[in-house]
Amino acid sequence: MGKPKSIGEVGVDDLVEAGLSREAAAELERTLRVSLARARRQSGLYPREVWRELTSARTLKPSHPHRVHQLVYYSVYSDWDASARGPPLYWFPSLSQSKETNLGRLMELHGGRLLGSSYKDPITSFSHFHKFSVEHPDVYWSIILNEFSISFHRPPSCILNTSDKSKPHGSWLPGAVLNIAECCLLPCQQQRKGDDSIALVWRDEGYDHTSVNRMTLKELREQVMLVANALDVTFSKGDAIAIDMPMTVHAVIIYLAIILGGFVVVSIADSFAPKEIASRLHISKAKGIFTQDFIQRGGRKFPLYSRVVEANPAKAIVLPVVGDGVGVKLREKDMSWKAFLCQADHIPRRHYYPSFYQSVDSVTNILFSSGTTGEPKAIPWTQLSPIRCAADSWAHIDVRAGDVFCWPTNLGWVMGPIAIYSCFLVGATLALYNGSPLGRDFGKFVQDAGVTILGTVPSLVKAWKSTQCMEGLDWTKIRSFGSTGETSNVDDDLWLSSKSFYSPIIECCGGTELASSYIQGNHLQPQAFGAFSNASMTTGFVILDDHGVPHPDDQPCVGEVGLFPVYMGATDRLLNADHEKVYFKGMPTYKGVHLRRHGDIIKRTVGGHYIVQGRADDTMNLGGIKTSSVEIERVCDRADESILETAALSVAPPTGGPEQLVVLVVLKKGYEAEPNDLKVKFSRAIQGNLNPLFKVSYVKIAAEFPRTASNKLLRRVLRDQMRQQLFAQSKL
């Protein structure tokens, strides 16, 4: 793709070519001229002021074709030198709106007391307040606990105890006793969370023209308590009980009931094969599993119970995908959902349940890493983990009481529990769509449910944009997006943000073992597409060079991240691996503390934004220069309009020698391209944008890329396939 025109050169004909009628193009062109004139009066970063003017005035509308948004955005920043000025920004906080955010309100209330006369306002003082939270995490978490509906059966003796030698990275809320599920279910006046508040909204696939279903907090509590009573009849306290089903209303009820009753949830994704289900049941020693007879997606039924049976759990409780009756024959030891609930019929107050209280560091949920290399790590969540993940959603994504929060996911992945706690500990409504999120029907649910916070993964956004399935829907109630799971594509994010007059997309990068994100966007700093604006609250980290030496905090750099180890909510154990070896062995010491490993390579840009460059094992050495797959893919994705996505690999030649750069390509539907033509375009784009010494050696077009069940690209599999292919070719 050639260099775009500057915004001053864009005229009516260009806008018509991009898809507007001549009348609409003339109107937009006039508005552009006004915004340009205003921005010229600003000194300094002129393009940013132009874009700020356009978005604050809502000049660009969701109804405009994406080509119009592309034309304007890329023209505004046509001469922008990101290497010298940092990534181009697309969203800017206003002072008045910043004071209405959760974090801004907290800073206005406590900033003067904590920061003294240096406190100005939430935007100006954010970096100082974040630094304070890192240096005084006990103070920050004390304030947060007062903000949340956390009801302690026995309060903690302090926030953080660093003198406990058995826990070298600190003991959080020592002595506290509670039930975190109870905290989700009780009304809380401070959070404006009453019994009549709407806790859940949902819709099942196939019912897309019916009203959205709703459940109040009181109704949710009664259903959870009914299930908890039935659990007591079936299992013993402390038993691990798996959930392998889509994230439906019933799945959420079961999840909370297991924890309310003093059992442990074992999270299993509904996409797993029998072998993967069996390994997780074995590692967790699960005594039973909740599942469905089938999964319904895209109007088709896919077997689930049969996969679970092949994994051979001790006992399965099976819910029907439709109706009241299970659509499969059950094993003798298994039981239907209806029969399971009937066990509580004899209990006089079956909609009441006395919560089972446990210490704050008791395990309530066992989650798993994606397990792309061998046995998945079994990651135990204590009652601290929900507090951490909900607090980060509250502070960074700005989840508030009354919000409608939708994030298509599954309880087998960390975003499932995060979504539950981020809503119910804050007083927001959890929105669930039981069906495929790939199509228009999901988008219509987002519209009809009045979703205000929508979470995504980048490949999902890419599919929506590519198929144009969301055209004509109204997503303007969305005031914040979330994105996690993989690296975002700038143009896809441009499409997504434009659907709600350029609401911010809060990038989140963390891990199951952290119960949170270590870097994240927020509503108090300007945001750039595909970039992170800061470490999360109370999180400190350094970026290490190739020798394990930290780069200076104020300089642009690239390297592996090393986390400060005092991290509320992070694991201090693994069930089937050596925690110390996995997260600490081989990591350097910084200012007297042993850094925690996370495994990401990140880039700190000019201006202090962060871009994730992939995992440490996804780096490549090209001609003696280290670079990342993600960095190359960002450039290649925009090299030709036929490209849907790319995967960059370095492969050693079969005969030995330096690693060669291989780019695999998935084309957009209906497009064709020749590998040799793409090879030339990729090399030109990489040499012009990254390094003139880099050269693409081989291009292959693929139908699709292999991915994990959580949708992460399996570069390792692609690398192995390319090695075999190049080796076979060398034999010819």
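Once backbone amide H atoms are built at 1.01 Å from N, V696 has S683 as its partners under 5 Å, excluding neighbours fewer than 5 places away on the same chain.
Of the labelled figures (i) 33.1; (ii) 61.4; (iii) 36.9, only one reflects mean projected area of the Cα convex hull in nm² as derived from the coordinates, namely (i).
Neighbour counts of other Cβ atoms within 10 Å put D239, D554 in the fewest-to-most order D554, D239. Would you please classify the overall shape of the range 623-731 from the alpha carbon gyration tensor, given that a ≥ b ≥ c denote the square roots of the eigenvalues, rounded means a/c under 1.5, and beyond that prolate means a/b larger than b/c while oblate covers the rest? Cα axes put the range 623-731 in the rounded bin. Dipole of the chain computed with +1 at Lys/Arg Cβ and -1 at Asp/Glu Cβ about the Cα centre; of H64, P408, S267, farthest Cα towards the positive end is S267.
Legend: distances between Cα atoms for K668/K712; K465/K669; K61/K477; K120/K193; K275/K462; pairs beyond 24 Å are K120/K193; K275/K462.
Globularity index of the range 489-597 is 1.24 (Cα radius of gyration / 2.2 N^0.38 Å, N = number of residues).
Taking 0.36 nm per residue of separation and subtracting the current Cα-Cα distance, fully stretching the chain between V593 and Y46 would add 192.6 nm. The range 115-164 and the range 282-304 have Cα centres lying 41 Å from one another. Neighbour counts of other Cβ atoms within 10 Å put S369, S359 in the fewest-to-most order S359, S369.
If you plug the beta carbon distance of K99 and I701 into 1/(1 + (r/R0)^6) with R0 = 56 Å, you get a FRET efficiency near 0.60.
If you take the alpha carbon atoms of the range 389-492 and fit the smallest convex hull around them, that volume is 98 Å³ per residue. Taking the helices alone, the chain has a mean residue ellipticity at 222 nm of -9500 deg cm²/dmol, built from -39,500 (n - 2.57) per DSSP H run of at least 4 residues and averaged over all its residues. Extension gain for the segment Q725 to S117, taken as residue separation times 0.36 nm less the Cα-Cα distance, is 212.4 nm to one decimal.
Counted by neighbouring Cβ atoms within 10 Å, the residues F584, F132 run from fewest to most as F584, F132. Note on the range 7-80: Kirkwood hydrodynamic radius from all Cα pairs is 12.2 Å, rounded to one decimal. Here the calculated FRET efficiency for S63 and V322, from their Cβ-Cβ distance with R0 = 35 Å, stands at 0.45, rounded to the nearest 0.05. Amide H contacts under 5 Å for G455: C406, W407, G482, restricted to partners 5 or more places along the chain or on a different chain, H placed in the peptide plane at 1.01 Å from N. Taking the Cα centre of the range 7-80 as origin and assigning +1 to Lys and Arg Cβ atoms and -1 to Asp and Glu Cβ atoms, the resulting dipole is close to 380 debye.
The stretch between S142 and R716, if pulled fully straight at 0.36 nm per residue, gains 202.3 nm over its current Cα-Cα span. Modelled spin-label separation between S56 and A37, with each label point placed 7 Å from Cα along the Cα-to-Cβ direction: 1.8 nm. PRE reach from D474 (point 7 Å along Cα→Cβ): which of the range 441-455 fall under 16 Å by backbone N? Hits in the range 441-455 for D474 at 16 Å: 443-452. Taking the centroid of alpha carbons for each part, the range 377-426 and the range 559-609 are 22 Å apart. When only alpha carbons are used to place a centre, the range 628-642 and the range 22-36 end up 32 Å from one another. With the simple spin-label model, which puts each label point 7 Å out from Cα in the Cβ direction, the A652 to K668 separation comes to 3.9 nm. Label-to-label distance, E659 versus F152, with points set 7 angstrom from Cα along the beta-carbon direction: 4.9 nm. Here r is the Cβ-Cβ distance between V582 and S21 and R0 is 41 Å; the resulting FRET efficiency, rounded to 0.05, is 0.10. Can you list the residues, at least 5 places off or on another chain, whose amide H is less than 5 Å from the amide H of G511, using H built in the peptide plane? When sequence neighbours closer than 5 places are left aside, the close amide H contacts are S516, Y518.
Bear in mind that the values in this text are calculations on the coordinates, not laboratory data. These numbers come from a predicted model, not from an experiment. Neighbour counts are summed over all protein chains in view; Cβ atoms, including those assigned to glycine, are modelled from backbone coordinates with ideal geometry.
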